[in-house]
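Data block below; observations after.
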Amino acid sequence: MFNLSTNLLDYDRAGLEALFTNLGEQRFRASQLMKWIYGEQSLDFDKFSNFSKALRARLQTDYKITVPDLISEQKSIDGTVKWLLKVDDINAIEMVYIPEDTRGTLCVSSQVGCSLNCTFCATGAQGFNRHLSTAEIIAQVWLASKRLDHHNKNRKITNVVMMGMGEPLANYNNVLPALNIMRDDLGFGFANRRVTVSSAGMVPKIDQLARDADVSLAISLHAPFDELRNKLVPLNKKYNIKMLLDSCSNFVKDKKKSRITWEYTLIDGVNDQEEHARALVKLLSHIPSKINLIPFNPFPGSSFKKSKIENIERFKQICMSSGYITTVRKTRGDDIAAACGQLAGEFMDRTRRSTQENRLAMELV
Ligand code: SAH
């Protein structure tokens, strides 16, 4: 049975202040509550010792503070950790922690499934189930921090990227308060540029985000030509490359040192030729940019193939010699299928769901 009362994790600081004010309480209760939840990692009303008994009882009746149940936790030999979380009776989401030398990146989901239908993405192939609530988004960071602390205090989350399942900007109203909590000192306190929203190009929402939150932006471009991008990212038919670039250049306009990260999945023979690379560098020449090349991750049912090493290398060289910081994303967590575009792929196959759940539950640490 799911408790239908309001989850206090749904509110950022401003939201909590309004909530307490409406209850006839002081605004500072919001800060106190956030210190318990995010600072002390406590979700237990009874432990909130600076709240009166009466207030605790009142909150307990009308509100809840809950995070999704952990179904499984899988660790790769390279240190990558993937968690499967149960968000309701029929839906599960995944998140991934990727440790590197100088940072630890948490990749979080914003929706169950996705409606954008990008042809090379396993999440897209599952279709759209529902938006995640703010609580379900921020709970991913909360849970991952707690689990990582539990295992090894040295493994810290330094960056959060909204590159898991779903299109974050299609779930704008729930994503924005979560971004606020991530960056709030009383929340997780991440520096603005360490929180990245990744979008397939929802132009009006990019414009809105530019006004609402000082975060980093990554755009899944994947093609320098509209005709090709229409096929790979169907959303391009609505917001074409020119509209997208205008919106992105506006996004970074007033932000010193800020760059757009362009994600470009390299698919064999589709978008990985010299002409694509040359067109790409030309396209981005007026926008502060870095380029993140992602070798395509194959998944069952997809006819696309990963680009050949020499084509990846040539593509990278063209980008670099034009002056762009260019990275080729290493495949991490291969042994636990933790790569981009693979999240929750198997689990969401409803016919196999219970078998999957059992198998994954057994791997729970
Ligand atoms: N909807 C958002 C965020 C989720 S996808 C977006 O489009 O940016 C995160 C990144 O993984 C995107 O760049 C996406 O295009 C890429 N991706 C998806 N499927 C992939 C696959 N099979 N192989 C490689 N990259 C993939």
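The values are calculated or read from the model by the stated rules, or taken from the named source; none is laboratory data. Values in this document were obtained by computation on a predicted structure and should not be read as measured data. Cβ sites come from the backbone with ideal geometry, for glycine too, and all protein chains shown count toward neighbours. Surface accessibility is based on the protein's heavy atoms, side chains included, excluding ligands, DNA and RNA. Shrake-Rupley method; radii C 1.70, N 1.55, O 1.52, S 1.80 Å.
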* To do: Hey, can you grab everything whose amide H is under 5 Å from the amide H of Ser198? Only 5+ residues off in sequence or another chain; H modelled, so Pro and N-termini drop out.
  => Met162, Ala218
* Asked: For the chain, what does -39500 (n - 2.57) per DSSP helix run (n ≥ 4), summed and divided by total residues, give at 222 nm, in deg cm²/dmol to the nearest 500?
  -> -10000 deg cm²/dmol
* To do: Express the carbon and sulfur contribution to the solvent-accessible surface of the stretch 69-364 as a percent, rounded to the nearest whole number, probe 1.4 angstrom.
  => 50 percent
* Rounded to the nearest whole Å², what accessible area per residue is found for the chain with the 1.4 Å probe? -> 46 Å²
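Quick one: of Lys82/Lys290; Lys64/Lys146; Lys242/Lys290, which pairs are farther than 30 Å apart, Cα to Cα? Mind dumping the intermediate values first?
Numbers: Lys82/Lys290 27 Å; Lys64/Lys146 19 Å; Lys242/Lys290 18 Å.
Too far apart for the 30 Å limit: no listed pair.
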* Asked: When the dipole is taken about the Cα centre of the chain, and only Lys, Arg (+1) and Asp, Glu (-1) are charged at their Cβ, what size is it in debye, to the nearest 20?
  -> 640 debye
* Sulfur and carbon atoms: percent of accessible area, the stretch 8-62 [1.4 Å] -> 46 percent
* Structure fact -> If amide H atoms are modeled at 1.01 Å from N in the peptide plane, then the residues at a separation of 5 or more from Ala92, or on another chain, having amide H under 5 Å from its own are Val87
* **Equivalent-ellipsoid semi-axes of the stretch 69-364, from the Cα gyration tensor, Å, largest first** => 29, 22, 19
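Which of the chymotrypsin sites (Phe, Trp or Tyr not before Pro) found in the stretch 12-103 are loop residues per DSSP with 12 or fewer other Cβ atoms within 10 Å of their Cβ? Numbers along the way, then the final one.
Numbers: sites: Phe20, Phe28, Trp36, Tyr38, Phe45, Phe48, Phe51, Tyr63, Trp83, Tyr97; in loops: Phe28, Phe48, Phe51.
Listed in order of number, the matching sites are Phe28.
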* Asked: What does the convex hull of the Cα atoms come to per residue for the stretch 8-62, in Å³?
  -> 75 Å³
* Asked: What are the trypsin sites (Lys or Arg not before Pro) within the stretch 100-191 that DSSP puts in a loop, where the Cβ has at most 10 other Cβ atoms within 10 Å?
  -> Lys153
* Asked: How long are the three semi-axes of the equivalent ellipsoid of the stretch 26-122, in whole Å, if each is the root of 5 times an eigenvalue of the C-alpha gyration tensor, listed from largest down?
  -> 34, 19, 13
